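Input: a single structure, listed below in structure tokens.
The values are calculated or read from the model by the stated rules, or taken from the named source; none is laboratory data. The structure displayed is predicted, hence computed values, not measured ones. Neighbour counts run over all protein chains shown; Cβ positions are idealised from the backbone, glycine included. The accessibility values were calculated without ligands, DNA or RNA, using every heavy atom of the protein model including side chains. Shrake-Rupley method; radii C 1.70, N 1.55, O 1.52, S 1.80 Å.
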Amino acid sequence: MTRVSRRRLLGTGALTAAGAVVAAGAAPSAAARTAPAGTVSASADVVIVGAGLSGLIAARDLAAAGRSVLVLEARERPGGRVYGMPLGDGTTSEGGAEFIGPTQDRIAALAKDMGVATYATYNEGKNVYYRDGKRSLYATDGILGAVPPDWGVVDLELALLRLGGMIKDVPVGEPWKAAKAQEWDAQTFFTWSRSNTISSGARFLMDAFASSTLSMRSQEVSLLYLLNYAASAGNESTPGTVDRLINTKGGAQESRFVGGSQEVPVRLAAKLGDIIRYNAPVRSIVTGSGGVTVNADGITASAERVIVAMSPAIAGKIDYSPALPASRAQLMQRYPMGSIAKFVAVYDTPFWRADGLTGQAVADSGAIDATFDNSPPDGSRGILMGFMNQANIRKLDAASAADVRAAGLDSFTKLFGDKAADPKLTAFQRWDNEVWSGGGPVGIAPPGALTAFGPALRAACGPVHWAGTETSDYWTGYMDGAVRSGERVAKEVHAAL
Ligand SMILES: Cc1cc2nc3c(=O)[nH]c(=O)nc-3n(C[C@H](O)[C@H](O)[C@H](O)COP(=O)(O)OP(=O)(O)OC[C@H]3O[C@@H](n4cnc5c(N)ncnc54)[C@H](O)[C@@H]3O)c2cc1C
């Protein structure tokens with residue numbers, strides 16, 4: 001008797017599309033018996049915690065391999081850090097992940113499967129650079145990609161060359177194995193950039209690089225982590241580079257999804273159907289001799305294996321019994337999320353285009369530190385999107401919605417002129433106060449964490465397996481990494497079963 005058919009005998013309840021049993025009265029384990037009244041029981045070969053891209057892909061692949069699967073998701077929607085932020089008029093704009101670029105093959109293949117097309121991010125004209133109270137313009141395709149032509153550009157170029165050499169020496173996805181791992185993990189990106197640049201312009205742009213890719217201050221990030229992040233910005237045949245991380249054309253910001261990135265997880269979740277249970281935050285995972293019991297609000301599920309598909313920091317909020325091995329438990333205490341927010345303003349037209357501007361900007365002051373043109377493919381209306389980085393959003397912790405709007409529009413006006421002051425709509429999404437994300441775009445490693453605890457990122461703890469973009473070799477931190485991690489963990493669990 002296979003596990004699936006044996007499990008089918010358990011239930012008096014309905015058998016879901018991928019074979020998971022949800023029964024109103026069954027009590028498969030001690031943990032289930034102590035569950036609050038009204039809690040339903042379920043069983044499957046594999047329970048997946050989290051319906052972000054990584055969890056959805058693991059579910060897709062395991063179901064396709066004939067395993068029964070149940071996905072428990074805390075929110076009322078799929079997608080996690082991929083989210084269409086409502087604009088208040090029935091439409092949305094990307095509040096979380098947005099862009100896709102070259103070598104991100106796995107998210108590209110998924111989008112194609114889901115029938116979601118892509119289009120080029122608007123990139124015609126000049127970018128705005130705002131520093132020390134002065135606004136200037138620079139060409140997008142200069143020698144250093146998106147770097148303004150000034151402010152110690154030679155200094156910066158030399159530092160980037162040195163960085164590029166170091167990136168080549170990082171084994172992608174296993175940075176703790178680099179020959180100089182200990183030396184690089186003993187310092188922050190800030191200390192390295194201060195020792196390797198002399199001009200304030202180069203230093204500002206080095207900090208802006210860390211901040212715009214990770215939304216962490218460069219003082220908080222291990223040099224080794226950042227080197228691996230750049231090394232991972234490629235694929236099996238194309239090595240990762242800093243340029244591919246930061247550029248629009250030829251880089252990670254090259255394209256967007258028609259209808260918004262959330263179309264990808266939303267359509268995938270719809271295909272998976274009723275194997276996903278929403279509003280079911282998992283509180284504890286109990287491993288016993290007969291398998292695993294996963295206790296969520298309203299449902300207790302038993303399984304042979306469980307996949308926790310989220311960032312290490314958020315995985316650390318679940319209670320594990322027995323306690324996880326120390327290296328995994330400690331890793332989850334040492335992998336904080338960045339802090340990031342997006343502010344968007346909607347205008348009748350993308351007026352900055354007529355002014356010869358791409359809509360992209362970098363700024364050293366104001367609430368917004370980087371911007372993009374988020375207009376729809378036909379440019380039928382103009383949408384400016386501004387990233388608020390860690391320090392900037394923290395200043396707005398206690399701000400009212402009106403204050404946030406005023407701060408966002410003040411930035412847009414400084415960067416793009418008075419026409420930016422009067423939008424039709426605005427919207428704001430911050431991630432650091434989202435209970436089920438804890439920040440974004442990605443979990444980062446401070447000094448010392450990767451060399452001591454890095455191998456615990458992917459190593460299964462008995463029947464408990466780990467997915468999430470943070471566990472990916474290539475494109476860690478991106479949707480592509482999330483998809484890759486789901487594919488990897490599905491193979492791992494299928495083999496283990
Ligand atoms: C503002 C922002 C901008 C970004 N921009 C880009 C971009 O342009 N391009 C790009 O490729 N990537 C971008 N990213 C990163 C991208 O969103 C992530 O890499 C990717 O979505 C992560 O997917 P995941 O499945 O690993 O994790 P998540 O999306 O975090 O999924 C985890 C899921 O687990 C659920 N969950 C958490 N705890 C529990 C629990 N206890 N019980 C049940 N469910 C739980 C969560 O609700 C969530 O649905 C951005 C992210 C942010 C926040």
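Quickly run through the range 350-372 and pick out the residues that are assigned to a strand (DSSP E or B) and open to solvent by 20 Å² or more (accessible area, probe 1.4 Å).
Within the range 350-372, Val362, Phe372 meet the criteria.
For the structure I just gave you, tell me whether Gly25 is at pLDDT below 95 and on the phi > 0 side of the Ramachandran plot.
It is false that Gly25 is at pLDDT below 95 and on the phi > 0 side of the Ramachandran plot.
Could you count how many residues in the range 354-384 are away from the ligand (no atom under 16 Å from the Cβ) and of a type in the set (A, V, I, L, M)?
Number satisfying all stated conditions: 5.
Which of the residues spanning the range 474-497 are within 14 Å of the ligand (Cβ to nearest atom) and assigned to a loop (DSSP other than H, G, I, E, B)?
Across the range 474-497, the qualifying residues are Tyr474, Trp475, Thr476, Gly477, Tyr478.
Let me spell it out: the conditions are (1) within 14 Å of the ligand (Cβ to nearest atom); (2) small (Gly, Ala, Ser); (3) more than 30 Å from Ser222 (Cβ to Cβ), and Ser339 meets all of them except one. Which number is the exception?
For Ser339, the exception is condition (3).
Exactly one of these conditions fails for Phe387: (1) closer than 27 Å to Leu137 by Cβ; (2) more than 9 Å from the ligand (Cβ to nearest atom). Give me its number.
The one condition Phe387 does not meet is (2).
Could you look through the range 273-283, keep only residues that are open to solvent by 20 Å² or more (accessible area, probe 1.4 Å) and within 14 Å of the ligand (Cβ to nearest atom), and pick out the one that is nearest to Ala63 (Cα to Cα)?
The selected residue is Arg277.
Take Ala496 and tell me if it is modelled with pLDDT of 95 or more and either on the phi > 0 side of the Ramachandran plot or in contact with a strand residue (DSSP E or B) (Cβ under 8 Å, 6 or more places away or on another chain) (or both).
yes
Got at least one residue in the range 447-466 being open to solvent by less than 20 Å² (accessible area, probe 1.4 Å) and over 23 Å from Ile48 (Cα atoms)?
Taking every residue of the range 447-466 in turn, at least one turns out to be open to solvent by less than 20 Å² (accessible area, probe 1.4 Å) and over 23 Å from Ile48 (Cα atoms).
Quick one: how many residues across the range 415-433 are within 23 Å of Arg75 (Cα to Cα) and open to solvent by less than 50 Å² (accessible area, probe 1.4 Å)?
Adding up the residues that qualify gives 5.
Any idea how many residues of the range 452-473 are within 17 Å of Val71 (Cα to Cα) and more than 11 Å from the ligand (Cβ to nearest atom)?
Total satisfying the criteria: 3.
Okay, residues lined up against (1) out of contact with any strand residue (DSSP E or B) (no Cβ under 6 Å at 6 or more places or on another chain); (2) open to solvent by 20 Å² or more (accessible area, probe 1.4 Å):
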site	(1), (2)
Asn374	no, no
Gly382	no, no
Gly386	no, no
Gln390	yes, no
Ile393	no, no
Ala399	yes, yes
Val404	no, no
Ala407	yes, yes
Thr413	yes, yes
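Which of the residues belonging to the range 235-245 are outside any helix (DSSP H, G or I), of a type outside the set (Val, Ile, Thr) and in contact (Cβ under 8 Å) with a residue 40 or more places away in the chain?
The answer is Asn235, Glu236, Pro239, Gly240.
Of all residues in the range 289-306, which are more than 14 Å from the ligand (Cβ to nearest atom) and either within 27 Å of the chain's Cα centre (by Cα) or outside any strand (DSSP E or B) (or both)?
Ser289, Gly290, Arg305
Taking the criterion of being away from the ligand (no atom under 16 Å from the Cβ), polar (S, T, N, Q) and part of a strand (DSSP E or B), would at least one residue in the range 213-234 satisfy it?
The answer is yes; a qualifying residue exists.
For the range 172-196, which positions are of a type outside the set (Gly, Ala, Ser), open to solvent by less than 60 Å² (accessible area, probe 1.4 Å) and in a loop (DSSP other than H, G, I, E, B)?
Scanning the range 172-196 gives Val172, Gln187.
Is one or more of the residues making up the range 426-435 in the same structural domain as Tyr320 (by TED's automatic domain parsing), assigned to a strand (DSSP E or B) and either within 8 Å of the ligand (Cβ to nearest atom) or free of Cβ contacts under 8 Å to residues at least 24 places away in the same chain (or both)?
No, the conditions are met nowhere in the range 426-435.
Test each condition in (1) within 16 Å of the ligand (Cβ to nearest atom); (2) more than 30 Å from Leu70 (Cα to Cα) for Arg267 and report the one that comes out false.
Result: Arg267 passes all but (2).
Ser339 fails exactly one of the following numbered conditions: (1) within 24 Å of the chain's Cα centre (by Cα); (2) assigned to a strand (DSSP E or B). What is the number of that condition?
In the conditions (1) within 24 Å of the chain's Cα centre (by Cα); (2) assigned to a strand (DSSP E or B), Ser339 misses (2) alone.
One line per residue, one yes/no per condition, for (1) more than 12 Å from the ligand (Cβ to nearest atom); (2) of a type in the set (Phe, Trp, Tyr); (3) part of a helix (DSSP H, G or I):
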{"site": "Ala407", "(1), (2), (3)": "yes, no, yes"}
{"site": "Phe412", "(1), (2), (3)": "yes, yes, yes"}
{"site": "Pro423", "(1), (2), (3)": "yes, no, no"}
{"site": "Gly439", "(1), (2), (3)": "no, no, no"}
{"site": "Leu450", "(1), (2), (3)": "yes, no, yes"}
